Each structure stands twice: as C-alpha cells, then as structure tokens.
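The values are calculated or read from the model by the stated rules, or taken from the named source; none is laboratory data. Predicted, not measured: the structure shown is a model, and the values here were computed from it. Note that we place each Cβ from the backbone using ideal geometry, even for glycine, and neighbour counts take in every protein chain shown.
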Amino acid sequence: MAFPSAPDSADRLGDDDVEKLDRLRESYRRLQVELGRVIIGQAETIERLAICLFARGHALLMGVPGLAKTLLVSRLAEAVSLKFSRIQFTPDLMPMDITGTDILQESAGGRREFLFVPGPVFANIVLADEINRAPPKTQAAMLEAMQEQKVTVVGKTSRLDPPFFVLATQNPVEQEGTYPLPEAQLDRFMFLVEVDYPSEEEEVMIARTTTGDTLPELDHVLSADEIIDFQHLVRRIPVPDHIYTFATQLVRRTRPQGSTAPEWLKPLVSWGAGPRAVQYLILGAKARAALTGGYMVRLEDIQAVAAPVLTHRVLTTFAAQAEGIDSRKIVERLLAEAIHKQNG
C-alpha cells in the first residue's frame, strides 16, 4: 500500500520555521559535544532526554547505580542554562519538602504574617532521585507538578516557571522499602529511558577522563527562552495522515481487550497503553524529526520512540513473567509486526 509523501492534514513549516529548525539542530549538535566532554557514551540516552525536553515531556530513567544518571541530568541543566534542583526521595519525605510551605514571619512593623518559601520543585530541571522510595502522598504532590506545572500549598496555587522538566530515577535492583509508582503516575512520564552499562572501550575512557582532579565546566548552549521557542517549533512539525493512523493502530494493538490485539498478546498483557501513548508517540516523533534533520515526521521517527513510549505502559501478566517475557519484548514484536504489515 502506497502512502503520500507529504502531510495531508498538518500545517506546513514557513521559511522562518525552517531557519529555526536549522538553528535547533546546530544547538543540539553543540549540546551533544558539550555533554560528551563529561559523559562517555550514552548517546541514545542523551538523544531521548533531548527529545523529552523539546517535546515538553518528562522522563523516567531506569538503571543500576553508578551509571552517571545524576551527573548527566545536572550537566544537561548546566549546558542549557536552566535552574537545576535535585530531590533525594526517601520514605520520610513529606509533600511540603518538595513543594515548600508557609512560615510565620514577623514584618518590620511588628506584624506577623505567613510567607511562602518555595521548595526544590521550583526549578526548570528537577531530578527526582529514586522517586519510588517516597510514600504515595509525596508522589501525588510530584504528580500535580508534572501534570499541571503548578503546586498547591495550604489551598494556594503557585505556577512553575517554564520550561519545566522532571527527570526521575529508579533503581531496578533494590526494591526493599520502595513504593511502586502507580500506573497513573507512570503514564505521566513521556519516556522510560533504560540506561545500560557502557561498553568496555567506553568504560576505559570513563576511568581515564573522570579520575582526574576536576571535571570540565560546560559552555552554555541554550537559554530558557530559546528552549521555549524551540518547544513551540517542534509542535508545528508536519505529520502525514498515515503516521497518525500507524501510531494509533500500534497503541490499540497493545490492549488485550480490544478487537485489534493479536491472539499471542492476550495471555501476556493485562493492560495496554492509553490515548496519551498516541500523543507521546506523535510528539516524540516530531521532536526526533526536528533534531535529526527531518522537516516532517517519518515512519522511522515513530519506530525510534516506540519503545521508550510504550514499554512502561504495557503491563504484563504473571504468565508472561513466568515465561521471561517482559513488556520490552512485547513492544518490539508489536512494532515489527506493524511495520511488516505496512510494508506488505
């Protein structure tokens, strides 16, 4: 089946937008170079974090300790000139430890009044370290900030300054004393970014470059205003109609109760991805196209973002776990079948 090469139902980019896209790609190239001065390898992780940043999404980083997740996030904030805040989640962390609280203060005239002291969530890039170690009510406060870009303290609502980008980490090994993230909160993360061990060559280079006296300071590549402008630009990337259809059909095939789900999937999946997954597939593909040289979304952009968008939204059954089949394998098979069906 042949598909048209041009978008059928999307705004086309103007001349100014094309020039902005070129500036965005040059800024992204410089960002990769700067981060490469302190982060060895992890090129795919850096790309996925950049996609989330420019698509206005949040990311959940999964990886064992010692893979430079915290260093990567802090240096990303340094390179893009954004205010960075790190929150170490612990079982005794309270919502006010994140959002801030009112304190009673005496004014110059001797009058006592409450003054709001902002918490660490009032930053542009927030690293929520080991987010699953906090109790549910604290996670709920973080959820409001992620979804609404605001916090509510003692009935008063305060807006968070854009751009606002949450990067949360989870340790997949140590689960004692943790509170698993509910599906509703997992769904708020655009990407699940799985950080793997480096190669042997990369590990040798890590030892050489990080055991000296100091790490290099990074040049500032972008400002907050430029990032916001590029975020608006990414939303204007054209999408052909057949890409919308492909993304929607792919997500719908993850739902075992649906009529389009393949028979092999039904005993393996208890719950599939919702409509937000379709939105994030399209937004992620738009951002990837913008960063990698495309002036419209292509099928390969959807392919590249399918795993990080869908993996944490496909919940496997006990039967799947007993057979050693995880959600990543299911998503890979679904994607391969969808591409084969289209090419056929």
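Does the range 33-51 contain any residue that is in contact with a strand residue (DSSP E or B) (Cβ under 9 Å, 6 or more places away or on another chain) and without any contact (Cβ under 8 Å) to a residue 12 or more places away in the chain? Step through it out loud before you land on a result.
Let us first name the residues in the range 33-51 that are in contact with a strand residue (DSSP E or B) (Cβ under 9 Å, 6 or more places away or on another chain), namely 44-45, 48-49, 51.
If we keep only those that are without any contact (Cβ under 8 Å) to a residue 12 or more places away in the chain as well, we get 44.
Within the range 33-51, one or more residues are in contact with a strand residue (DSSP E or B) (Cβ under 9 Å, 6 or more places away or on another chain) and without any contact (Cβ under 8 Å) to a residue 12 or more places away in the chain.
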Quiz prompt | Test: residue in the range 165-179 that is surrounded by fewer than 12 Cβ atoms within 10 Å (Cβ to Cβ), among the hydrophobic types (A, V, I, L, M, F, W, C) and over 21 Å from Arg48 (Cβ atoms) | solution = yes
Practice problem: Report those helices (runs of 4 or more DSSP H) wholly inside the range 40-127 carrying at least 3 residues which are surrounded by fewer than 20 Cβ atoms within 10 Å (Cβ to Cβ) and modelled with pLDDT under 90. | Solution: 69-79
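Of everything in the range 303-341, what is assigned to a loop (DSSP other than H, G, I, E, B) and touching a residue at least 60 places away in the same chain (Cβ under 8 Å)? Give them in sequence order.
The answer is Val314, and nothing else.
Return the only residue of Gly284, Gly272 being of a type outside the set (D, E, K, R) and touching a helix residue (DSSP H, G or I) at 6+ places or on another chain (Cβ under 6 Å).
Numbers: Gly272 fails: touching a helix residue (DSSP H, G or I) at 6+ places or on another chain (Cβ under 6 Å).
It is Gly284.
For Ile206, indicate whether it is in a helix (DSSP H, G or I), under 26 Å from Met296 (Cβ atoms) and either modelled with pLDDT under 85 or of a type outside the set (Phe, Trp, Tyr) (or both). Full working, then the answer.
On the way: in a helix (DSSP H, G or I): yes; under 26 Å from Met296 (Cβ atoms): no; either modelled with pLDDT under 85 or of a type outside the set (Phe, Trp, Tyr) (or both): yes.
Taking the combined requirement at face value, the residue does not satisfy it.
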Quiz item: Which condition does His232 not pass, out of (1) of a type outside the set (Asp, Glu); (2) touching a helix residue (DSSP H, G or I) at 6+ places or on another chain (Cβ under 6 Å); (3) free of Cβ contacts under 8 Å to residues at least 12 places away in the same chain; (4) assigned to a helix (DSSP H, G or I), if it passes all the others?
Solution: (2)
